[in-house]
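This report refers to the structure that appears directly beneath it.
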Amino acid sequence: MKTWLEISQDNILNNIKSLRALLKPKTLFMAVVKSNAYGHGLEEMSKILTPSSSLLHKEERSAGVDWFGVDNIDEALSLRKTGVKQPILILGYIPFDMVGEAVENDISFVAYNNELLDYLSAQNFKKTKKAKIHIKVETGTARQGIEGKELIAFVKKTTANKNIFIEGIYTHYANVEDTTDPSFAMEQLKRFNENVAAAEKIVKIPIKHSACSAALINYPKTHFDMVRAGISMYGMWSSNEAKLVAKQKNIKLNLKPALTWKTQIVQIKNLPANTPIGYGLSEKTKRLTRIGILPIGYWDGYDRKLSNIGEVIVDGKRAKILGRVCMNMSIIDITDIPEAKLFNSVILLGKSGEEEITAEELAKKVGTINYEITTKINPLIKRIIQ
C-alpha cells in the first residue's frame, strides 16, 4: 500500500468509556459515524462498535454504543449491510423516495417540514411498519429544523398520521464548542426545554437529545435521554475552548486520538544547494539536500496548503515538506535523518516515539479545524483496525 490508516480499537473504546463515565447510567450513547466516521472509516467503526463483533471483547462491551448517527440513507444502509442491529438515525437530508427503504430497514430519520408529513401520509407501509421520526427543532443555529412557533401544529399533524411514530425530538447547538461563554447555548437549551414541554402536552416523546461532544462533556443539563458523540469519540477535542472549559470545571477526561496516517518513502535523491523543488519552483534547497519522495498528495486528502510548511515523522524525527504538495506526490527533507531508507514508513498524522503530529497542528497550519483534517482523508484509502 502506498498509504494507509491505522485505527486504534483500544483508543476508540477508551474514549467511549471515558465519555460514558460522564453520563447517568440510563443515558443512551449515540456514536456519530457520518462522513465515513469523520475519516476513520464507516465500516471499520461499525466492526469496532457492534456488540456481536469479535473485536469488541466481552469485558469491553460497556464501551459499545446504543445508537448510530449518520448523515444519509446510503450510510445507514451500509451499516445495516455490515450487521449493525442497533438503532440508526439519519441526521441529514433524506430524499422522500428513499423513506420507504428507511422504514423497511428500521432506520429512523429527521423530520422538520410539512412536505415530508404529506408524503408519508400517502404511503402504504406494512401494517407492522411505521416511519420513525425525530423532530428537529430550530433553536438558534439557523439551519435544518422547524421553528418553535410552528412546532405545535407540526406535532398535531404528525400525531394524526397513522404512518408515523414520533420516536425523538432534538436540537443542535450553534457555538457550544467555540466559546468559553455558554450563554447562547444555554438560551438554546431553554428554548428546547420549552419546545419539548409544549410538544409533550400533545404526545409523549420517548427520546429527547441535544448534546454534541462539547455539550456532553461540559454541560450535563444538555444530556436528556441520549447524547451524540462525534469528534470526542475519535479522541479529539471539538475546540480549544471546550478543552479549557473542561479544565476549569476539573472534568477528568482522557481522550486518545485513534487515527494514524502512514505512507512510505518510494525514492531517495541528493540535490545540490540552490535546486528548485516541485511545481512553481516555490522552494529551493539551501544546502546539499537529501530528499524523500512520498506517494501521497492532495488527492489522498493531504492538504495542498501544507506546501513548504508541513512536517511528517520519519524514524521518530520530523521531516519538512519541501515545495508544493502535488496531486499524488510530496517531497520531504531527510538530510538530517541518515537512518531514513527506501520504503521506510512515514507518519503524516499520528505519533512515533516522542514526536506527534496532531490533527490540531495540521489544522492550525492550513487555517481550518481538526474535523476537516481527518474527514477529508480520501475514503478509498485502506483503513486497518489495530
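Considering only residues that are touching a residue at least 12 places away in the same chain (Cβ under 8 Å) and open to solvent by 10 Å² or more (accessible area, probe 1.4 Å), which ones fall in region 74-91? I'd like the intermediate steps shown before the answer.
Initial filter on region 74-91 (touching a residue at least 12 places away in the same chain (Cβ under 8 Å)): 75-80, 82-91.
Within region 74-91, Glu75, Leu77, Ser78, Arg80, Thr82, Gly83, Lys85, Gln86, Pro87, Leu91 meet the criteria.
In the condition set (1) surrounded by fewer than 16 Cβ atoms within 10 Å (Cβ to Cβ); (2) modelled with pLDDT of 95 or more, Glu354 is compliant with all but (2). Within region 221-239, can one find any residue that is surrounded by fewer than 21 Cβ atoms within 10 Å (Cβ to Cβ), among the hydroxyl-bearing types (Ser, Thr, Tyr), free of Cβ contacts under 8 Å to residues at least 60 places away in the same chain and more than 17 Å from Gly39 (Cα to Cα)? No, the conditions are met nowhere in region 221-239.
Criterion first (more than 25 Å from Asp71 (Cβ to Cβ), basic (Lys, Arg), modelled with pLDDT of 95 or more and open to solvent by 10 Å² or more (accessible area, probe 1.4 Å)) does Lys132 satisfy it? Let's see the steps before the verdict.
Values: more than 25 Å from Asp71 (Cβ to Cβ): no; basic (Lys, Arg): yes; modelled with pLDDT of 95 or more: yes; open to solvent by 10 Å² or more (accessible area, probe 1.4 Å): yes.
Judged against the criteria, Lys132 is not a match.
When region 289-302 is filtered for residues that are in a loop (DSSP other than H, G, I, E, B), buried (at least 16 other Cβ atoms within 10 Å of the Cβ) and not hydroxyl-bearing (Ser, Thr, Tyr), the ones remaining, listed by number, are Pro295, Ile296, Gly297, Asp300, Gly301. Filtering Lys286, Lys305, Lys341 for residues that are in contact with a strand residue (DSSP E or B) (Cβ under 8 Å, 6 or more places away or on another chain) and either open to solvent by 20 Å² or more (accessible area, probe 1.4 Å) or assigned to a loop (DSSP other than H, G, I, E, B) (or both) leaves a single hit, Lys341.
Name the residues in region 333-360 that are in contact with a Leu (Cβ under 9 Å, 6 or more places away or on another chain) and either without any contact (Cβ under 8 Å) to a residue 60 or more places away in the chain or at positive phi (or both), would you? I'd like the intermediate steps shown before the answer.
From region 333-360, those in contact with a Leu (Cβ under 9 Å, 6 or more places away or on another chain) are 333, 335, 346, 348-350, 357-359; that's our starting set.
If the condition is that a residue be in contact with a Leu (Cβ under 9 Å, 6 or more places away or on another chain) and either without any contact (Cβ under 8 Å) to a residue 60 or more places away in the chain or at positive phi (or both), then Asp333, Thr335, Gly350, Ile357 are the ones that fit.
Filter region 172-190 down to residues that are within 20 Å of Gly69 (Cβ to Cβ) and of a type in the set (A, V, I, L, M) and give me whichever is most open to solvent (accessible area, probe 1.4 Å). Checked region 172-190; the qualifying residue most open to solvent (accessible area, probe 1.4 Å) is Ala174. Of the residues examined, Lys24 is one that is among the basic types (Lys, Arg) and touching a His at 6+ places or on another chain (Cβ under 9 Å).
The values are calculated or read from the model by the stated rules, or taken from the named source; none is laboratory data. In this text the structure is predicted, and so the values were computed from the model without any measurement. As a convention, Cβ positions derive from the backbone with ideal geometry for all residues, glycine included, and neighbour counts pool all protein chains shown. The accessibility values were calculated without ligands, DNA or RNA, using every heavy atom of the protein model including side chains. Shrake-Rupley method; radii C 1.70, N 1.55, O 1.52, S 1.80 Å.
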